[in-house]
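Visitor: Before I ask anything, here is the structure I am working with.
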Amino acid sequence: MKRIALSLILAAVCISASAQGTAMDFIRSDRNPATLGTAGAGYASVDMGTAFSAFGNPAAISLAGHMVDAAGTFGMAPAGDGKALSYGGGASLRLGSFGVSAGYIGTAYPKIPFFSEGGGASGSFAPSEMTVGLGLSYAIGDFLSFGALARYASSALDSKTTLTSFSADVMAMYRHDALTVSAGVASLGPKVASVANRSYPLPSSVRVGAAYKLGLGDFAVDFLADGDYYWANGTFGVAAGVQGGFRDMAFLRAGYRYSGVREDFSAAPVPSGFSAGAGVRLFGIGLDLAYILNSGTGGALVAGLSYRFGQGGKR
């Protein structure tokens with residue numbers, strides 16, 4: 001007996017054909033629990049961790065003040081009748097002017113039932129997503145660096161349908177005193193074929209970011225701003241955030257992201273929303289928490305545990 005799966009509904013989630021016109025938008029989700037507390041702003045920061053730079057900006061590794069940064073993350077967000085769970089980890093290594101990073105992130109969604117043509121339940125399937133990233137960077141002196149990353153992603157829509165993609169980012173970062181700026185292109189790759197045998201582009205964009213650190217004795221404040229123009233559907237997204245720190249040991253964060261929507265209802269891949277977060281770091285061990293409230297998640301909680309060592313060098 002044939003089963004009618006909810007493939008088209010799931011395809012609408014992962015492909016977003018009618019609403020956004022781009023495929024696998026989850027590859028543009030921020031993975032760093034620290035920058036999630038500033039609504040994803042932090043593309044140009046070299047102080048908020050590089051463990052997840054294989055999904056963000058590996059150019060930051062070569063200008064960071066630590067040699068090794070490793071972290072794990074776990075998050076929960078509402079999804080249908082249950083919770084979507086994300087999990088994974090990443091690490092970065094800086095050796096002089098060179099840097100390398102790698103990471104894995106997986107997401108498991110609640111089970112979705114299959115129905116027979118007669119309307120009875122005939123099984124279920126749990127959709128899932130995964131992303132693997134590898135980043136490289138090189139610095140020229142203490143002020144300029146370049147980075148690139150390669151990303152493989154897959155999305156299992158049902159027991160017979162799995163979408164895959166390969167993409168790459170290329171970026172540059174420049175630092176002068178307390179100001180850091182970065183620019184590049186993100187999510188370059190071939191189109192992805194949907195279950196309806198139509199192809200949709202990846203959420204490629206021109207990406208820019210800036211970070212400014214203001215020192216106030218034992219306190220410091222980081223002002224962060226990012227922007228993307230997604231040329232695949234002509235939309236844009238901007239984020240602004242702030243991080244307040246005490247002796248580089250305790251942190252409070254907040255931010256807001258605005259994502260543009262066109263008249264045809266196509267929208268930027270990362271939805272608008274507020275976020276807030278906090279973190280502590282002692283003896284190189286860090287704990288970061290973030291809460292994101294937007295139309296895409298309805299309220300997501302993300303936590304990360306990290307270990308950083310090898311201070312000094314390019315600061």
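The values are calculated or read from the model by the stated rules, or taken from the named source; none is laboratory data. Since the model is a prediction, treat every value here as computed from it, not as a measurement. A quick note on method: Cβ atoms are made from the backbone with ideal geometry, for glycine too, and the neighbour counts reach across all protein chains shown.
Visitor: What about residue 290, is it closer than 26 Å to residue 78 by Cα, crowded, with 16+ Cβ neighbours inside 10 Å and hydrophobic (A, V, I, L, M, F, W, C)? Spell out the reasoning first.
Guide: Working: closer than 26 Å to residue 78 by Cα: yes; crowded, with 16+ Cβ neighbours inside 10 Å: yes; hydrophobic (A, V, I, L, M, F, W, C): yes.
So residue 290 fits the description; yes.
Visitor: Moving on. Counting only residues that are buried (at least 19 other Cβ atoms within 10 Å of the Cβ) and in contact (Cβ under 8 Å) with a residue 40 or more places away in the chain, which one in the stretch 88-99 is nearest to residue 26 (Cα to Cα)? First the steps, then the outcome.
Guide: As a first pass, look at the stretch 88-99 and keep what is buried (at least 19 other Cβ atoms within 10 Å of the Cβ): 88-92, 94, 99.
Restricting the remaining residues to those that are in contact (Cβ under 8 Å) with a residue 40 or more places away in the chain gives 88, 90-92, 94, 99.
Working: 88: 14, 90: 17, 91: 20, 92: 22, 94: 28, 99: 25 Å.
Checked the stretch 88-99; the qualifying residue nearest to residue 26 (Cα to Cα) is 88.
Visitor: If residue 85 meets every condition in (1) within 27 Å of residue 127 (Cα to Cα); (2) buried (at least 24 other Cβ atoms within 10 Å of the Cβ); (3) of a type outside the set (Phe, Trp, Tyr) apart from one, which number is that one?
Guide: Here residue 85 clears every test but (2).
Visitor: Which residue, of 25, 69, 81, 47, is at pLDDT 95 or above and out of contact with any Cys (no Cβ under 7 Å at 6 or more places or on another chain)? So that I can check it myself, show each step before the final result.
Guide: On the way: 25 fails: at pLDDT 95 or above; 81 fails: at pLDDT 95 or above; 47 fails: at pLDDT 95 or above.
Step by step, each of 25, 69, 81, 47 is checked, and only 69 is at pLDDT 95 or above and out of contact with any Cys (no Cβ under 7 Å at 6 or more places or on another chain).
Visitor: Kindly indicate which of 238, 280 is touching a Ser or Thr at 6+ places or on another chain (Cβ under 9 Å) and β-branched (Val, Ile, Thr). Show your work before the answer.
Guide: Numbers: 280 fails: touching a Ser or Thr at 6+ places or on another chain (Cβ under 9 Å).
Selected residue: 238, the only one of 238, 280 that is touching a Ser or Thr at 6+ places or on another chain (Cβ under 9 Å) and β-branched (Val, Ile, Thr).
Visitor: Read through the list (1) surrounded by fewer than 15 Cβ atoms within 10 Å (Cβ to Cβ); (2) part of a strand (DSSP E or B), then give the number of the only condition that residue 209 fails.
Guide: (1)
Visitor: Here are 177, 169: which of them is surrounded by fewer than 20 Cβ atoms within 10 Å (Cβ to Cβ) and either acidic (Asp, Glu) or in contact with a Cys (Cβ under 8 Å, 6 or more places away or on another chain) (or both)?
Guide: Working: 169 fails: surrounded by fewer than 20 Cβ atoms within 10 Å (Cβ to Cβ).
So the residue among 177, 169 that is surrounded by fewer than 20 Cβ atoms within 10 Å (Cβ to Cβ) and either acidic (Asp, Glu) or in contact with a Cys (Cβ under 8 Å, 6 or more places away or on another chain) (or both) is 177.
Visitor: On to the next question. Give the stretch 186-201 a look and list any residue that's over 18 Å from the mean Cα position of the chain (by Cα), in a strand (DSSP E or B) and either farther than 19 Å from residue 22 by Cβ or not aliphatic (A, V, I, L, M) (or both), or say none.
Guide: Result: 199, 200.
Visitor: Considering only residues that are part of a strand (DSSP E or B) and farther than 22 Å from residue 46 by Cα, which ones fall in the stretch 251-268?
Guide: Of everything in the stretch 251-268, those that are part of a strand (DSSP E or B) and farther than 22 Å from residue 46 by Cα turn out to be 258, 259, 261, 267.
Visitor: Of all residues being farther than 22 Å from residue 46 by Cβ and of a type in the set (D, E, K, R) in the stretch 123-158, which is surrounded by the fewest Cβ atoms within 10 Å (Cβ to Cβ)? Just the residue, please.
Guide: Step one: of the stretch 123-158, the residues farther than 22 Å from residue 46 by Cβ are 123-132, 152-158.
Adding the requirement that they be of a type in the set (D, E, K, R) leaves 129, 158.
Numbers: 129: 23, 158: 18.
Checked the stretch 123-158; the qualifying residue surrounded by the fewest Cβ atoms within 10 Å (Cβ to Cβ) is 158.
Visitor: Would you be able to say whether some residue in the stretch 172-185 is outside any strand (DSSP E or B) and of a type outside the set (Phe, Trp, Tyr)? Please lay out each step first, then the result.
Guide: So in the stretch 172-185, the residues outside any strand (DSSP E or B) come out as 177-178.
Checking which are of a type outside the set (Phe, Trp, Tyr) leaves us with 177-178.
Yes.
Visitor: Also: So, in the stretch 136-162, of the ones that are aliphatic (A, V, I, L, M) and without any contact (Cβ under 8 Å) to a residue 60 or more places away in the chain, which residue ends up farthest from residue 182 (Cα to Cα)?
Guide: 156
Visitor: Can you tell me which residues in the stretch 212-250 are in a loop (DSSP other than H, G, I, E, B) and either touching a helix residue (DSSP H, G or I) at 6+ places or on another chain (Cβ under 7 Å) or in contact (Cβ under 8 Å) with a residue 60 or more places away in the chain (or both)?
Guide: If the condition is that a residue be in a loop (DSSP other than H, G, I, E, B) and either touching a helix residue (DSSP H, G or I) at 6+ places or on another chain (Cβ under 7 Å) or in contact (Cβ under 8 Å) with a residue 60 or more places away in the chain (or both), then 232, 233 are the ones that fit.
Visitor: Out of all the residues in the stretch 269-309, which are polar (S, T, N, Q), touching a Pro at 6+ places or on another chain (Cβ under 7 Å) and either assigned to a strand (DSSP E or B) or closer than 18 Å to residue 89 by Cβ (or both)?
Guide: Result: 294, single match.
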